[in-house]
Amino acid sequence: MILIYSNLMKIIEYVMKCFLSLIEEMKNIENSGMKSFRSYCISYMICKRYGIDVTNFDFSKLPSKISNIKEPKEVRAEIEKIRKNYEDINSRISDYFVKNNKEKNKSNPER
C-alpha cells in the first residue's frame, strides 16, 4: 500500500511540474482569458487520457476571443496551439512512466 501511495505521489508531483512548465510557456500570452481557457482544455484532455473523472468540466462559456472568431482557420489555429501543448505535456508524462517502470523493473527483477 505504501509503495502504491509513493508511486502515486511521484506521478502527481511530475504532472504538477509539467503544468508549471506549461504556465511558464504561456506567460507570453497577453490575454489571461486565453491562458485560462488553454490550461483548462489541456487539463481536461490530460484527465480524460489518464482516466480521471471529467464530469465537472464545463465548456459552455468560451472566452470572448474564441467566441468572436469568425474565420474557421483562426479557430483551428487556436485548437492546434492547445493540441501541441497537450502533446508536449502528455509526452513528458509518458516518458516519466516509461522511466519509472524501467527503474522499478531493475530494482524488482522477475525470477
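Summary of values
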read-out	value
Residue match in segment 43-58 (condition: at pLDDT 80 or above and at positive phi)	yes
Selection from segment 30-87 of residues that are under 21 Å from VAL15 (Cα atoms), touching a residue at least 12 places away in the same chain (Cβ under 8 Å) and outside any helix (DSSP H, G or I)	TYR50, PHE57
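The values are calculated or read from the model by the stated rules, or taken from the named source; none is laboratory data. Values in this document were obtained by computation on a predicted structure and should not be read as measured data. Neighbour counts run over all protein chains shown; Cβ positions are idealised from the backbone, glycine included.
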